[in-house]
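> Let me begin by handing over the structure; questions about it come next.
The values are calculated or read from the model by the stated rules, or taken from the named source; none is laboratory data. No experiment lies behind these values; they were computed from the predicted model shown. Reconstructed Cβ throughout: ideal geometry from the backbone, glycine too, with neighbour counts over all protein chains shown.
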């Protein structure tokens, strides 16, 4: 299968990246980050999450962030909305696209959202109905597709079932996430092979964490399977509050460097991206998780 000529990068840093931080991050700093990412040429930015601040304190203020960002034409500014209340809050904030998430692992679903996978899917039905009514697009996430912190290995057939349900429900795209970062290139290819029998490849995306240092290999393996959409996080920020030891998402800068080297178009400027990553890392008082950004700063 030929490599894609164009890859769409879904920037999840402002949401998936920042939600795991211990220190509070101001609305102004979040706005500055989103605007810098827009300026770098990213076409999709997940800005925040409409969940209870009691559960995810860092996502408090998402409505204010949406009110203050400079929206560029052609850029999608999305948000996570895991329930109907979250969807209604997102709608009130002017969000035009939301994401919902399910797990491929029963144990993870129970620990994360206190219900079975089937129950979690049923909870999305009113969200999908409301989204259709209001002309809002919905993207689906499946977590733990290559391993679960409680169950270990996850069968590709289980991933395919959850992905098919989300797609049939009306999610225009389903992102498959290696939440704990244990996946390998071979397992990644097998998973996409099995899932694509149920959901078309052009409706699938890859979302890789780098806990075991395999994220870049898994991105390349996905490209070989014809996958042309990837979630990534500026400076490699992130983790999962419900998956102990899971490190950050694959760094957007590193994925972009790989794609540039393969001659794959993205529309994203690497230097502007590195600058955006440096800016948020200064706010957080920590070094970047991007190897490309580290190498560039050492030159």
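> All but one of (1) under 16 Å from the mean Cα position of the chain (by Cα); (2) under 19 Å from residue 38 (Cα atoms); (3) free of Cβ contacts under 8 Å to residues at least 60 places away in the same chain; (4) surrounded by fewer than 24 Cβ atoms within 10 Å (Cβ to Cβ) hold for residue 257; state the number of the condition that does not hold.
Exception for residue 257: condition (1).
> With a cut-off of at least 2 residues that are buried (at least 19 other Cβ atoms within 10 Å of the Cβ), within 18 Å of the chain's Cα centre (by Cα) and free of Cβ contacts under 8 Å to residues at least 40 places away in the same chain, name the strands (runs of 3 or more DSSP E) lying wholly within the range 36-103.
Counting at least 2 such residues, we get 44-49.
> Identify, please: which residue in the range 133-161 is in contact (Cβ under 8 Å) with a residue 24 or more places away in the chain and assigned to a strand (DSSP E or B) and is, among those, nearest to the chain's Cα centre (by Cα)?
The extreme case among them is 141.
> With the structure loaded, tell me whether residue 189 is farther than 21 Å from residue 215 by Cα and either surrounded by fewer than 19 Cβ atoms within 10 Å (Cβ to Cβ) or touching a strand residue (DSSP E or B) at 6+ places or on another chain (Cβ under 8 Å) (or both) or whether it fails that test.
The answer is no for residue 189.
> Against the definition (crowded, with 24+ Cβ neighbours inside 10 Å and either touching a strand residue (DSSP E or B) at 6+ places or on another chain (Cβ under 9 Å) or at pLDDT below 95 (or both)), how does residue 144 come out, yes or no?
When the stated conditions are applied, residue 144 passes them.
> How many residues does the range 266-293 contain that are touching a strand residue (DSSP E or B) at 6+ places or on another chain (Cβ under 8 Å), crowded, with 17+ Cβ neighbours inside 10 Å and within 23 Å of residue 223 (Cβ to Cβ)?
7
> Could you check how many residues of the range 1-35 are under 23 Å from residue 271 (Cβ atoms), in a helix (DSSP H, G or I) and modelled with pLDDT of 95 or more?
The total comes to 9.
> In addition: If you scan the range 175-186, which residues turn out to be buried (at least 24 other Cβ atoms within 10 Å of the Cβ) and touching a helix residue (DSSP H, G or I) at 6+ places or on another chain (Cβ under 8 Å)?
Once the filter is applied, which keeps residues that are buried (at least 24 other Cβ atoms within 10 Å of the Cβ) and touching a helix residue (DSSP H, G or I) at 6+ places or on another chain (Cβ under 8 Å), the range 175-186 yields 176, 178, 179, 181, 183.
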